[in-house]
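Data first, discussion second: the structure below is written as C-alpha cells.
The values are calculated or read from the model by the stated rules, or taken from the named source; none is laboratory data. As the structure is a computational prediction, the values presented were derived from the model and not from experiment. Cβ: placed from backbone, ideal geometry, glycine included. Neighbour counts: every protein chain shown. Only protein heavy atoms, including side chains, enter the accessible area calculation; ligands, DNA and RNA are left aside. Shrake-Rupley method; radii C 1.70, N 1.55, O 1.52, S 1.80 Å.
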Amino acid sequence: MTIVTVNTPKGRLTLEQRRELAGTLTDAVLVPEVGQLAPAARVGFQVHFVERERDMMAIGGRLLADAGPELDVMAIDVAVMDAAWHPDVRAEVIERVLAALAAACGLEKPAPAWWVTFRVIDEGSWGSSGGVLSVLPLLDSGVFTQERAEAVRTALGA
C-alpha cells in the first residue's frame, strides 16, 4: 500500500499531466518495492494531487504569490508500508519520482524546489477494509520478486 501526494501551486499541472503522472508515479514506487513491473499490484497505490493557491505556499520565507512565477515549487510525499526500504531503494524511488515529474512537465531535469519526502509507515500502523494491514501476506501474492520478498521478510524479521 502506497500513497503519493503531489502538492503544487494551483494550475501547475494540467489534466493530461495528472493523467500521465497517475501511472508513472505509481510505477516509480511499485517497481522498486516489488522488484518488477506488476500491473496487478497497482490497486494498492494511490496518487493524490493537491493544489494550493500561490498565497498558501511559501519558499525562502516568501509567499509564492509575492515571489513571482519563476519559482517552480512542488512537495511530493511518498508514504509506504514497512518493508525492505534500504537507503539505495529509497534513493531509487525518489529519483524515479522526480524523473516522472520532469518528464510529465516536459523538462530535462527536475526543478530545484521540487522536494520529495519518503515516509515508512510502521508495521501495524496502516489500516483499510476494517482492519490493520501488513505487507507480509502480500509477499506470496506473485507480485513481489523472490529477491524482494526475501528482503522484506529479513527487514521485518519474519
If we ask which residues in the stretch 107-150 are open to solvent by less than 60 Å² (accessible area, probe 1.4 Å) and closer than 18 Å to R96 by Cβ, their number turns out to be 10
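Kindly indicate whether A83 is closer than 21 Å to Q36 by Cβ, surrounded by 12 or more Cβ atoms within 10 Å (Cβ to Cβ) and out of contact with any Phe, Trp or Tyr (no Cβ under 8 Å at 6 or more places or on another chain).
Working: closer than 21 Å to Q36 by Cβ: yes; surrounded by 12 or more Cβ atoms within 10 Å (Cβ to Cβ): yes; out of contact with any Phe, Trp or Tyr (no Cβ under 8 Å at 6 or more places or on another chain): yes.
Criteria met by A83.
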Yes or no: the stretch 40-48 includes at least one residue that is under 24 Å from E147 (Cα atoms), open to solvent by 30 Å² or more (accessible area, probe 1.4 Å) and of a type in the set (A, V, I, L, M). yes
Conditions: (1) touching a helix residue (DSSP H, G or I) at 6+ places or on another chain (Cβ under 8 Å); (2) among the small types (G, A, S); (3) under 27 Å from E92 (Cα atoms). G60 meets all but one. Number of the miss? (3)
Pairs, please: C-beta under 7 Å, at least 6 apart or cross-chain, first residue over 24 Å from W85 (Cα atoms) and in the stretch 102-119, second open to solvent by 30 Å² or more (accessible area, probe 1.4 Å) and in a strand (DSSP E or B)? A113/I59
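Being among the basic types (K, R), within 17 Å of G44 (Cβ to Cβ) and either at pLDDT 95 or above or over 19 Å from the mean Cα position of the chain (by Cα) (or both), is that true of even one residue in the stretch 104-112?
Looking through the stretch 104-112, none of the residues is among the basic types (K, R), within 17 Å of G44 (Cβ to Cβ) and either at pLDDT 95 or above or over 19 Å from the mean Cα position of the chain (by Cα) (or both).
From the set of residues in the stretch 56-80 that are of a type in the set (D, E) and either at pLDDT 95 or above or surrounded by 12 or more Cβ atoms within 10 Å (Cβ to Cβ) (or both), which is farthest from V6 (Cα to Cα)? Don't jump to the end; show me each part of the working.
Here is the first cut: in the stretch 56-80, the residues of a type in the set (D, E) are 66, 70, 72, 77.
Pick out the ones that are also either at pLDDT 95 or above or surrounded by 12 or more Cβ atoms within 10 Å (Cβ to Cβ) (or both) and you get 72, 77.
Numbers: D72: 13, D77: 7 Å.
Filtering first and then ranking leaves D72.
Consider A100 carefully, then state whether it is of a type outside the set (V, I, T), within 22 Å of A40 (Cα to Cα), under 18 Å from the mean Cα position of the chain (by Cα) and open to solvent by less than 60 Å² (accessible area, probe 1.4 Å).
Details: of a type outside the set (V, I, T): yes; within 22 Å of A40 (Cα to Cα): yes; under 18 Å from the mean Cα position of the chain (by Cα): yes; open to solvent by less than 60 Å² (accessible area, probe 1.4 Å): yes.
So A100 fits the description; yes.
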